[in-house]
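Since the structure comes first, as structure tokens, the remarks are kept for the end.
The values are calculated or read from the model by the stated rules, or taken from the named source; none is laboratory data. Predicted model, so just to flag it, every value in this text is computed and none were measured. Every residue, glycine among them, receives a Cβ derived from its backbone with ideal geometry; neighbour counts consider all protein chains shown. Keep in mind that these areas ignore ligands, DNA and RNA; they rest on the heavy atoms of the full protein, side chains included. Shrake-Rupley method; radii C 1.70, N 1.55, O 1.52, S 1.80 Å.
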Amino acid sequence: MYQLMNGALVKWATLVAEAKLSGPLPRRWAHSQGVAQRAADLARILGDDADLLASAAVLHDVGYAPRLAVTGFHPLDGARFLRDVHGADERLVRLVANHSFALLEAEERGLREVLEAEFPLLEDQILVDALVWCDMTTTPDGERTTAGARVAEIVGRYGADSVVGRFIRRASPEIFAAVERVEAALAAQPR
């Protein structure tokens, strides 16, 4: 897929996410829309990467779609779908694959080496942090929340001893640090 510009990438990403999530997983679709709305708040600190972030934000959970769930690990399933079916931009695919410290959950699932080999983590810290901020400050229903409340909600929903519960508890210091870095970058920008 060629690099789409002037909002075309975001429009394409929204159509793909809506097609896969809105029918079978309306709550997940609401969350994805909310995450994309949060991405718009970061446009002023991301410049040319604002559309890339918005696209990754709306697509980050596409791997939950029932027809895409092959491994049961949504970051990997979503990234493979975007790469293999749509030939999506490599940076977009890598953001989806690694969103919100997915490597730590991949480790819990015995998939870390697979994820790292297929989709290396981007070295663009602010872009990676920005997607964490968008995801971890949005409720399952698409509303704004704090990272602390979101982590607590995830632990409560999945259970502290589940794969997701163990992962999110391990990842929480990194999540909070990423959120703090983004909030510092926002505070440093003139409005």
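Worth a mention:
- Correct option for Rg and Dmax of the Cα atoms in Å [calculated from the coordinates] among (i) 15.2, 45; (ii) 16.0, 44; (iii) 16.5, 51: (i)
- Cα gyration tensor category, rounded, prolate or oblate, for the stretch 29-89 with a/c compared to 1.5: oblate
- If you sort the three axes of the alpha carbon gyration tensor as a ≥ b ≥ c, you get a/c under 1.5 for the stretch 1-106, which makes it rounded.
- Rolling a 1.4 Å probe over the protein heavy atoms of the stretch 25-98, with every protein chain left in place, gives an accessible area that is 48 percent carbon and sulfur.
- Plainly put, the stretch 89-136 has a radius of gyration that is 0.96 times its Kirkwood radius, both from alpha-carbon atoms, as the Rg/Rh ratio.
- For the stretch 43-143, accessible area per residue (1.4 Å probe, heavy atoms of protein chains only), Å²: 38
- Overall dimensions of the stretch 75-154, expressed as equivalent-ellipsoid semi-axes from the Cα gyration tensor (√(5λ), whole Å, largest first), are 23, 15, 12.
- Full extension of the chain segment joining Glu18 with Ala188 gains 57.8 nm, where the gain is 0.36 nm per residue of separation less the Cα-Cα distance.
- Accessible surface, 1.4 Å probe, highest first, among residues Val16, Val114, Val85: Val85, Val114, Val16
- About the Cα centre, charge dipole magnitude for the stretch 70-151 (Lys/Arg +1, Asp/Glu -1 at Cβ), debye: 140
- Loop-located GluC sites (Glu not before Pro) in the stretch 110-191 whose Cβ has at most 14 other Cβ within 10 Å (DSSP): Glu123, Glu143
- Full-stretch length increase - Ser162, Glu118 - with 0.36 nm per residue and alpha-carbon distance subtracted: 13.3 nm
- Among the trypsin sites (Lys or Arg not before Pro) in the stretch 91-129, none is located in a DSSP loop while being surrounded by at most 12 other Cβ atoms within 10 Å of its own Cβ.
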